[in-house]
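Everything on this sheet refers to the single structure shown next.
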Amino acid sequence: MATEITMPKLSDTMTDGRFIGWRKQLGERIERGDVIAEVETDKAVMELEAFTSGVLVKTFASGGETVPVGTVLGLIGDAGELTADDKAPAKVAPLPITPVEETTAAPIQKPTSPPLSETAPTSSASKAVDLEKASPLVRRLAREMGVDLALVAGSGPDGRVLQQDLATFAAAHEAGASTSAPSGKRVETPTATTSTAESTPISQSGMRQAIAATVARSWQEIPHFTVTMEIDMRACQEIVRELRGSEDELGYNAFVIKACGMALTRFPRLVPGGNSASIHIGFAVALPDGLLVPVIRDCERITPSEIARAAARLAERARNGRLGQDELSGGLFTVSNLGMYDVDEFMALIMPGQNAILAVGAVIERPKVLDGNIVAAPLMRVTLSSDHRVVDGAYAAAFLSELRHLLEQPMRIFI
């Protein structure tokens with residue numbers, strides 16, 4: 001009997017997902033654990049693995065469709081088990097992408113440059129080739145820009161299309177379109193009131209909609225209050241400089257996350273449920289259309305170097321849209337660092353389900369009084385946003401004092 005491939009529920013808030021495409025062809029042999037397709041949620045592009053071995057005997061979903069959780073995408077069975085005339089299981093129709101409707105306005109002369117995308121449907125074989133030709137992030141950007149990747153010459157390994165290739169192609173097309181327009185005539189661009197806005201890919205707004213829902217819920221349901229403290233980072237700076245270029249190279253964020261993991265074991269009320277046995281900390285990663293918060297586990301136990309390597313790996317997977325659900329869930333506390341943008345200090349909103357979040361500013365040379373003398377010292381300002389239903393100001397201030405003590409004497413972090 002054939003085994004159904006269904007749209008999985010990849011997050012607590014997921015109700016549907018965008019089916020990107022198949023990685024296997026009809027009739028192709030599949031082994032348990034093989035990646036057979038890709039789907040896009042409001043958080044990332046994720047790979048679907050086969051839970052059984054067999055042959056891909058039927059496909060019901062096509063690339064670009066948005067389907068509810070539980071929808072049957074295809075079937076794995078024995079060769080020849082099903083024929084093309086077999087009836088497909090019932091599934092909810094995908095959300096339509098409204099085509100641009102023709103209007104009665106005077107026609108506009110078309111530019112001679114090639115179109116960004118073809119309207120003719122591509123074959124499943126072509127879609128499979130495109131899946132291998134570019135990363136999920138590049139494919140998503142191409143959909144948002146209306147670019148057919150088959151028209152883009154890739155400069156990566158084996159002709160792989162990179163973000164730079166996509167940007168170059170789009171810029172060249174725009175330049176060609178502008179120069180090919182008749183003189184004296186203006187080519188109007190679509191506005192938000194035209195049907196083009198209605199045809200915006202669902203994936204473009206999915207992450208923003210998820211972020212909007214999360215921050216609105218945070219601000220409406222959680223009574224925030226903030227406490228800010230300045231931390232002398234001279235000792236951490238010396239270690240960062242000493243390890244620069246080595247395999248154990250560290251950044252300030254690794255120190256902050258490690259120090260938070262250690263401090264939270266002494267301040268369990270800042271952790272949901274007061275469970276400080278294992279401290280899993282999320283850190284914000286900026287993306288072109290939003291942000292993701294991957295989670296580093298057991299931060300109170302692992303070393304700063306292990307935290308730095310985990311953060312680099314997770315950030316890269318986040319930017320490539322490759323994070324798994326287990327890498328996005330389970331966070332008990334969050335660190336948001338805008339120091340790389342030279343931000344002095346800011347307030348961050350608490351993630352629903354958590355009790356606090358730490359906003360980290362830049363390490364900047366500022367005047368400081370030492371032994372009666374004014375000296376320049378690398379100082380960093382951190383702001384803790386806390387849920388006032390759970391903790392009070394004194395408790396939050398005591399946590400920041402412990403955090404400052406750990407970062408100003410970082411050898412305790414390495415013991």
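Laboratory data are not the source of any read-out in this text; all were calculated from the coordinates shown. Model, not experiment: these values are computed from the prediction. FYI the Cβ positions are ideal-geometry reconstructions off the backbone, even for glycines, and counts take in every protein chain you see.
So what J values fall out for segment 261-270 if you push phi through Karplus, 6.51 cos²θ - 1.76 cosθ + 1.60 with θ = phi - 60°, rounded to Hz, Gly and Pro as x?
x, 6, 5, 5, 5, 9, 10, x, 5, 7
Return the long-range amide H neighbours of I222 (sequence gap of 5 or more, or a different chain), with a cut-off of under 5 Å between placed amide H atoms.
The answer is none.
Can you give me the relative contact order of segment 219-414 as a percent, contacts being Cα pairs under 8 Å and 6 or more apart? Before the final figure, lay out each step's value.
Details: 381 pairs, mean separation 60.9, N = 196.
With pairs under 8 Å counted, the relative contact order is 31 percent.
Evaluated at 4 °C with a viscosity of 1.567 mPa s, what Stokes-Einstein diffusion coefficient in µm²/s does segment 1-74 have when Rh comes from the Kirkwood expression over alpha-carbon pairs?
Working: Rh = 12.3 Å.
It diffuses with D of about 105 µm²/s by this estimate.
Please list, ordered by chain and number, the residues whose modelled amide H lies under 5 Å from the amide H of I350; skip anything fewer than 5 residues away on the same chain.
Correct list: empty.
If packing is taken as the mean number of other Cβ atoms within 10 Å per residue, what is the order of 18-30, 362-374, 223-235, highest first? Write down the numbers at each step before the final one.
Numbers: 18-30: 18.3, 362-374: 11.5, 223-235: 16.3.
Ranking the peptides 18-30, 362-374, 223-235 by packing returns 18-30, 223-235, 362-374.
Which whole-number percent gives the relative contact order of segment 352-415, counting Cα pairs below 8 Å spaced six or more residues apart?
RCO, segment 352-415: 28 percent.
Between N373 and A286, how high is the FRET efficiency from 1/(1 + (r/R0)^6) when r is the Cβ-Cβ distance and R₀ = 45 Å? Nearest 0.05. If you can, show how the numbers build up before the last one.
Details: r = 39 Å, r/R0 = 0.87.
Efficiency at R0 = 45 Å is approximately 0.70.
Kirkwood Rh over alpha-carbon pairs of segment 289-415, then Stokes-Einstein at 4 °C and 1.567 mPa s: what D in µm² s⁻¹, rounded to an integer?
For the chosen part, D equals 78 µm²/s.
Suppose R0 equals 60 Å; then what is the FRET efficiency for T3 and E238 from their Cβ-Cβ distance, rounded to the nearest 0.05? Mind showing how you got there, number by number?
On the way: r = 58 Å, r/R0 = 0.97.
So, using R0 = 60 Å, E works out to roughly 0.55.
Would you please give the residues with an amide H less than 5 Å from that of G74, counting only those at least 5 places away or on a separate chain, with H modeled from the backbone geometry?
The answer is I5, F60.
How large is ³J(HN,Hα), in whole Hz, for each residue of segment 247-259 in order, when computed from phi with the Karplus curve 6.51 cos²θ - 1.76 cosθ + 1.60 and θ = phi - 60°, using x for Gly and Pro?
Listing the rounded values in order: 6, 9, 4, 10, x, 4, 5, 5, 4, 5, 5, 4, 5 Hz.
Between T228 and S246, with labels modelled 7 Å along Cα→Cβ, what's the label distance in nm to one decimal, could you check?
That separation, rounded to one decimal, is 3.5 nm.
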